[in-house]
Structures are given as C-alpha cells and as structure tokens.
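Everything on this sheet refers to the single structure shown next.
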Amino acid sequence: MSRFKIYRFPAEPSIVGFILFATILGAVSSKEINYIYFFLLVAIQLNLIFTIDNVYRAKRFFELPTIYALISNGIPYIALSILDYDVLYSFIPLSLLLILTIYSAIEYGREHIFTNLIGTISLGYMVITSSAIVGKITQLTVSTWVVYTFYLVISVLYIEARLGKINDLPPVILANISFIIYYLLNPIYAILSVDLNAKTLTHYISRNYIDKEKITKLGISEMKRLLVFSIILIILTITS
C-alpha cells in the first residue's frame, strides 16, 4: 500500500477545523496545561488529520489504511494511559465512536446521515480527549464539549436539511433545545445559540434548498460561522 493512500489530506477540509478547534478547546478548558504533552497532542492530532479519511471513507474494515489509522491513532492514547487513567477513560468512548463510524461508512456509505452524525460526534468528543492529555478533565471541559458538540451536530443537520435530505424541523427543534442547555450550563453561553437558531429557523421559513453542486459554497459559509463560534467559545472558556 503506497504512503499517499495511508496519509492524505481530508477530502472535506472542514474536518481539519473540527479537530483543530476541539484540540484548542480541550487544552484551554483543562486549566492545567502541560506544554510537553500539548506538543505531543499536536503530533497526535496531525496524524489523525492525515489518516481520518481512512476511517470516514472506509470500504472494508480489514483493509490496511483503516487498520493503520486505528492502530497509529490508538497507540499514543494507550501509552499515555499508563501515566494517567483519565486518558484511558476518555479514549475508550472515542475508540468506540470511531469504530461505529467505520461500520456506518462501510454499511451505509460516507454520505449517509448516520455516518455524518457519528463522525461529527467523534470529532466533538476530542475536546475531552485533548483535555485529558494536556492536563485534566474539568467541569469546564465537559461544559465546553457539550456546547461544541451541540453546535457541530446541529450544523450537520442544518446542511442535510438545506440539501433536502432530512426534514427541516429537527434542526430547528435542536437549536431551540441548545439555547436551554447552553443557558443551564452558563447563562452567557446562550449567546452562542443565536446563530444556530437564526440559520435553522431562516431555512425552515424560506425552504431555501440547494443543489449538491453548491455544497462547497455552503461549506465555506459554515466554516466561517464555526470560526466565529469557536473563537467566542475559546474566549469564554479562557475567562471562565
């Protein structure tokens, strides 16, 4: 198997943003950053970025790129678990989510809504694993993870609704629920649900569907929104 098939930049650049922001949020929410482990985390995440398509776009479970992705990304966590059980406890759910993502990709295909959701939840959970590696998992880490993952999941559902793949109502309902959850976690987090409610409700009213050919333009727009959301969440996390 040639190297370029094992290591490749994700076909969906947004995945890089998901991982990058999850890593930063996990680090700043730990409140006790060990910078040696932080640089180790960067190396781990770089390996993940260049092997993630072997998980998301797996055709068969027992093929070299997929197995390599699981092993190369799992070994650092297993090694660090010897030093800190928090890493082990955080790694177990992540590994199960990634295996479930592979199963869904093989069974239903990369474009299936279930594959998208499980894969997105996996990336959001990296707030927890990143925090465990660089410091320790705090209550702030858990709150940040919930806020970040809710945003990612609702955004994925919003895109699916814009493409006409799912009913337009679920993203609106979840966006409304996010306001309540964000407020209960911390009243100031409620401002982060404004964009979610605005875009899902606007689409629900206008029914502004797009063709698959225009997904790139929508993806760029969503990445800009994610950037703004993540910067605000990072600032709120640092100042909490």
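Laboratory data are not the source of any read-out in this text; all were calculated from the coordinates shown. Note that the structure is a prediction, hence the values are computed from the model and not measured. Methodologically, a virtual Cβ is constructed for each residue, glycine included, from the backbone with ideal geometry; neighbour enumeration extends over all protein chains shown.
Laid out as a table, the results:
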quantity: Charge dipole of the chain about the Cα centre (unit charges at C-beta), most positive-ward option of Leu185, Phe21, Tyr7; calculated: Tyr7
quantity: Trypsin sites (Lys or Arg not before Pro) within segment 30-132, DSSP loop, no more than 14 other Cβ atoms inside 10 Å; calculated: Lys59, Arg60
quantity: Phe38 paired with Leu169, simple spin-label distance in nm, labels 7 Å along Cα-to-beta-carbon; calculated: 4.7 nm
quantity: FRET E, pair Leu184, Ala79, Förster distance 41 Å, beta-carbon r, rounded to 0.05; calculated: 0.65
quantity: Computed over segment 10-137: relative contact order in percent, which uses C-alpha pairs under 8 Å that are six or more apart; calculated: 43 percent
quantity: Simple Cβ-charge dipole of segment 157-235, Lys/Arg +1 and Asp/Glu -1, about Cα centre, in debye nearest 20; calculated: 180 debye
quantity: Cβ-based charge dipole, the chain, positive-most Cα from Asn176, Ser130, Leu218; calculated: Leu218
quantity: Exceeding the 22 Å Cα-Cα cut-off - candidates Lys165/Lys199; Lys199/Lys224; Lys165/Lys214; Lys5/Lys224; calculated: Lys5/Lys224
